[in-house]
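Where a number appears in this text, it was derived from the coordinates with a stated rule and is not lab data. For clarity, every value in this text was computed on a predicted model and none was experimentally measured. Note that each Cβ is placed from the backbone with ideal geometry, even for glycine, and that neighbours are counted across all protein chains shown.
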Amino acid sequence: MPFITFEGLDGAGKSTQIARLAQRLTAQGLHVVCTREPGGTDIGDRLRELLLDPAQTRLAPRTEALLYAASRAQLVAEVIRPALAEGAVVLCDRYVDASLAYQGAGLGLGVEAVAAVNRFATDGLTPDLTFLFDVPVAVSRDRISRDMDKRGPDRIERRSDEYFQRVRTAFLRIAETEPDRVVRLEASRPPEVLEQEIWAHVQNWLSKHDRGAMRE
Ligand code: TMP
């Protein structure tokens with residue numbers, strides 16, 4: 001069964017769509033495992049706290065990339081590979097592409113260098129399908145600032161518009177380079193429209209790969 005990832009700037013609507021897709025797949029009788037990055041395991045959740053904590057002002061860019069990769073290595077070993085081996089559909093909120101965009105392009109570490117670290121971390125596990133939720137930086141900023149009434153910005157959210165522009169551009173480049181894996185979604189559209197589009201792509205993937213477990 002497929003390993004599906006969801007990428008994009010914060011506030012692009014990924015979590016709503018992950019929940020809706022999980023519901024649809026479950027209704028088809030499929031076993032679905034939803035997880036997220038950084039985190040998704042005990043070790044990963046501890047790394048997540050470090051990575052997002054605004055008090056961690058001295059984290060070097062390479063350390064940051066390695067900690068994201070470490071959280072991912074644990075998630076792959078403890079959750080994703082076992083779930084795929086059991087025949088589950090795995091839905092993951094962010095994966096390697098996030099590191100390529102946020103650390104490789106955003107922090108200027110280089111996309112290829114970060115890709116190499118992540119090939120090691122994941123032992124080469126790549127998603128079958130990736131949905132890139134594309135929104136302009138201003139839309140992302142606007143949506144997360146509404147959230148921030150409840151909490152302050154995390155360590156990553158404190159970065160500049162220029163940083164997020166580099167991240168968005170890198171995501172778009174990945175989508176262009178790997179059109180068979182990555183579906184770019186115009187994510188400013190209504191959730192119902194996005195939900196239909198995602199569902200059509202997932203059904204198409206399942207039928208192409210002859211995963212006949214789906215009921216009509
Ligand atoms: P989120 O759970 O709200 O998506 O927060 C995770 C934050 O971490 C988000 O701002 C994106 C960032 N991030 C990276 O910078 N690199 C990564 O590899 C991942 C997975 C997330």
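Among the criteria (1) in a loop (DSSP other than H, G, I, E, B); (2) more than 16 Å from the ligand (Cβ to nearest atom); (3) in contact (Cβ under 8 Å) with a residue 24 or more places away in the chain; (4) not hydrophobic (A, V, I, L, M, F, W, C), the one Gln56 does not fulfil is (2).
Scan the range 26-77 for residues that are within 14 Å of the chain's Cα centre (by Cα) and among the β-branched types (Val, Ile, Thr) and the total you get is 2. Once the range 11-25 is narrowed to residues that are surrounded by 18 or more Cβ atoms within 10 Å (Cβ to Cβ) and not aliphatic (A, V, I, L, M), the residue that is nearest to the chain's Cα centre (by Cα) is Lys14. With respect to the numbered conditions (1) in contact with a strand residue (DSSP E or B) (Cβ under 8 Å, 6 or more places away or on another chain); (2) more than 19 Å from Asn118 (Cα to Cα), which one is the sole condition not fulfilled by Asp97? Result: Asp97 passes all but (2).
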